[in-house]
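K.L.:
Take a look at the following structure, please.
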Amino acid sequence: MDNTIKRSAYHESGHAVMGFFVGYNINRIEVASTGDGVTEIDYAEDLLLCTALLNLSEPELINSLPSQTKQNIPVTADKLIYVLTGGPIAEALFIQGFDFVGQLEIELSGPDLIRCESIDSFLAHYLPEHPINSLEGMLKKASEILKLNIFKRTIDSLADNLLQSGDLKLDKNRIESIITCTGFKAYIDSFFK
């Protein structure tokens, strides 16, 4: 199988695992024969705020949110950054090895980079206490999280199942089955009890 497709499978699996980690559900994961991929996330009660944060070029979305929803901006923004960075980090770990020690070379680019930088810049202006360019610190934290065995096992399993699926697609039921079989669902559920 083409290495580009394998990289994309790990990339999308990283987004999915971090999505579950921060409390979201994953509706589907798909990789095209070109290597492009998509992870469809159900943001549940964070949907309005996530939509606004992912579309900061349209400030009316943030401005029109109820004040109670705006109070959740810092937490929801951090969750989104973890989800967005999960893909590039999982891809880097696939390339360099999950047991890699040292400075991990993460290629945060394209839409993931643009959205992360946009959210980080917004937070620096919106919250006086938010450090400018905090993205590097979040990348390091997310890298350490994804190196944990339970995360590695789940990313591997999602990517392997995606690559073996024939059509390079996993639906919500298959994804949930995989995260249950790896023990990841029980691990995450223990955080939210």
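K.L.:
GNM, the chain, Cα, under 10 Å: largest mean-square fluctuation among S121, S67, S165?
P.N.:
For the chain, modelled as a Gaussian network with Cα springs under 10 Å, the answer is S67.
K.L.:
Now a separate question. What residues have an amide H closer than 5 Å to that of I41, excluding those fewer than 5 places away on the same chain, when H is modeled at 1.01 Å from N in the peptide plane?
P.N.:
N27
K.L.:
Right, something else. Express the Stokes-Einstein translational diffusion coefficient of the range 68-180 in µm² s⁻¹, to the nearest whole number, given a Kirkwood radius over alpha-carbon pairs, 10 °C and a viscosity of 1.306 mPa s. Let's see the in-between values first.
P.N.:
Numbers: Rh = 15.6 Å.
Approximately 102 µm²/s, per Stokes-Einstein.
K.L.:
Taking the chain as a Gaussian network, Cα atoms linked when under 10 Å apart, which of K70, K79, K152 shows the biggest mean-square fluctuation?
P.N.:
The residue that fluctuates most here is K70.
K.L.:
May I pose another question? Less than 20 Å from a label point 7 Å out along the Cα-to-Cβ axis of E117: which backbone N atoms in the range 56-78 qualify, by residue?
P.N.:
56-59, 77-78
K.L.:
Continuing with this model, one more query. I'd like the FRET efficiency for Q164 and D42, computed as 1/(1 + (r/R0)^6) with the beta carbon distance as r and R0 of 30 Å, rounded to 0.05.
P.N.:
Working: r = 24 Å, r/R0 = 0.82.
Approximately 0.75, to the nearest 0.05.
K.L.:
Please report the antiparallel percentage of the DSSP beta bridges confined to the chain, to the nearest 5. Walk me through the numbers on the way to the answer.
P.N.:
Numbers: 9 of 9 bridges.
Around 100 percent antiparallel, to the nearest 5.
K.L.:
Once the Cα atoms of helix 135-147 and of the chain are each reduced to a long axis, what angle between those two axes, in degrees from 0 to 90 to the nearest 10, is obtained?
P.N.:
Rounded to the nearest ten degrees, it is 30.
K.L.:
Still on this structure, I have one more. Would you indicate which of [x] 16.4, 50; [y] 31.5, 94; [z] 17.2, 55 is the value of Rg and Dmax of the Cα atoms in Å derived from the coordinates of this structure?
P.N.:
Derived directly from the coordinates: [x].
Values quoted throughout were computed directly from the atomic coordinates according to the rules given, and no laboratory measurement underlies them. Here the structure is a predicted model, which is why all the values come from computation and not from measurement. We place every Cβ from the backbone using ideal geometry, glycine too, and count neighbours over all the protein chains shown.
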